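Trainee: This is the structure I have questions about; it appears just below.
The values are calculated or read from the model by the stated rules, or taken from the named source; none is laboratory data. Source: prediction; values computed, not measured. Positions of Cβ are generated from backbone atoms using ideal geometry, with glycine treated the same way; all protein chains shown enter the neighbour counts. Ligands, DNA and RNA are stripped out before the accessible areas are found, and what is left, the full protein with its side chains, is counted by its heavy atoms. Shrake-Rupley method; radii C 1.70, N 1.55, O 1.52, S 1.80 Å.
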Amino acid sequence: MALLPILEVPDPRLRQKARPVAAVDARVAALLEDMLETMYAAPGIGLAAPQIGVDERIVVVDVAAKEEEPNPIRLINPEVVETSGEPVEAEEGCLSLPNQFAPVKRPSQVTVRFLDEAGREQRIEADGLLARCLLHEIDHLDGILFTDHLSRLKREMLMKKLDKQRRQRAG
Ligand code: GNR
Ligand code: NI
């Protein structure tokens, strides 16, 4: 197991379209476990491989509350099969834009097809926070950040806040 450094904007690796995993093998299984460890340590409810500089379509999520049993989900080559429901706006954050939050409108329900760690095809039908998190992570695989869903004004305000925070931390 290993903790991996999380890339932050404006790292260009966050803007690439990630490559599909060709073979689900021990290397991918180990990467999934490192990603889960990194996500829990951050802490976050999701992590996509491009956020740790790995150019592959791999995602981990766990939206279980602190008092609940952990519920890690490992997704290889995830694809959105269908979205449904009225779009819902809710606050999002991203480990690649630390401490920045903004409301994002997304479909309320999603069906995702993916390969599990054994290489078997699976489907998840999700709503609520899990649906939002899956859409956020699959966006990362296509080089999309939650700020891309904001108006230009809100995106620029958020990026200024991030800059300011970084300048203050730098002293
Ligand atoms: O930890 C995270 N919280 C979160 C909250 C609302 C919507 C999406 C997320 S994902 C984020 C972790 C992250 O950056 N994953 O890519
Ligand atoms: Ni993110």
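Trainee: For a test of understanding, tell me how many lysine pairs in the chain have Cα atoms under 23 Å apart, given they are 8 or more places apart or on different chains.
Mentor: Here the count comes out as 5.
Trainee: Suppose we keep just the alpha-carbon trace of region 32-171; what are its Rg and Dmax in angstrom?
Mentor: Final numbers for Rg and Dmax: 15.4, 50 Å.
Trainee: Turning to a different aspect of this structure: With the full set of protein chains in place, find how many percent of the accessible area of region 101-168 is carbon and sulfur; take the probe as 1.4 Å.
Mentor: 50 percent
Trainee: Amide H to amide H under 5 Å from R19: which residues, 5+ apart in sequence or cross-chain, H placed 1.01 Å off N in plane?
Mentor: E56, R57
Trainee: Using a 10 angstrom Cβ neighbour count of at most 14 plus a DSSP loop assignment to flag exposed trypsin sites (Lys or Arg not before Pro), which longest range of the chain is free of such sites?
Mentor: 67-119
Trainee: Amide H neighbours of A102 under 5 Å, at least 5 residues apart or on other chains, H built in the peptide plane: list them.
Mentor: E92
Trainee: Now, a different point. Could you work out the relative contact order of the chain, using alpha carbon pairs under 8 angstrom and six or more residues apart, expressed as a whole percent?
Mentor: On the way: 302 pairs, mean separation 38.8, N = 171.
Value for the chain: 23 percent.
Trainee: While we're on this one: Quick one: longest stretch of the chain between exposed loop GluC sites (Glu not before Pro), exposed meaning at most 12 other C-beta atoms within 10 Å and loop per DSSP?
Mentor: Counting at most 12 other Cβ atoms within 10 Å as exposed, the longest clean stretch of the chain is 69-171.
Trainee: HN-Hα J couplings of region 11-20 from phi, Karplus 6.51/-1.76/1.60, θ = phi - 60°, integer Hz, Gly and Pro as x?
Mentor: Here the 3J(HN,Hα) series is 4, x, 5, 6, 9, 8, 7, 6, 8, x Hz.
Trainee: If the viscosity is 1.567 mPa s and the temperature 4 °C, what translational diffusion coefficient in µm²/s does Stokes-Einstein give for region 1-57 when Rh comes from Kirkwood over Cα pairs? Show your work: numbers first, answer last.
Mentor: On the way: Rh = 11.8 Å.
Answer, rounded: 110 µm²/s.
Trainee: Let me ask something else. What accessible area per residue, rounded to a whole number of Å², is obtained for region 22-106 using a probe radius of 1.4 Å?
Mentor: Spelled out: the 1.4 Å probe surface of region 22-106, per residue, equals 48 Å².
Trainee: Where the only charges are on Cβ atoms (+1 Lys, Arg; -1 Asp, Glu), what is the dipole of region 43-171 about its Cα centre, to the nearest 20 debye?
Mentor: That gives region 43-171 a dipole magnitude of about 900 debye.
Trainee: Something else about it: Mean Kyte-Doolittle of at least 0.0 plus a Cα span of 18 Å or more along the axis: flag which DSSP H helices in the chain meet both, please.
Mentor: 26-41, 128-141
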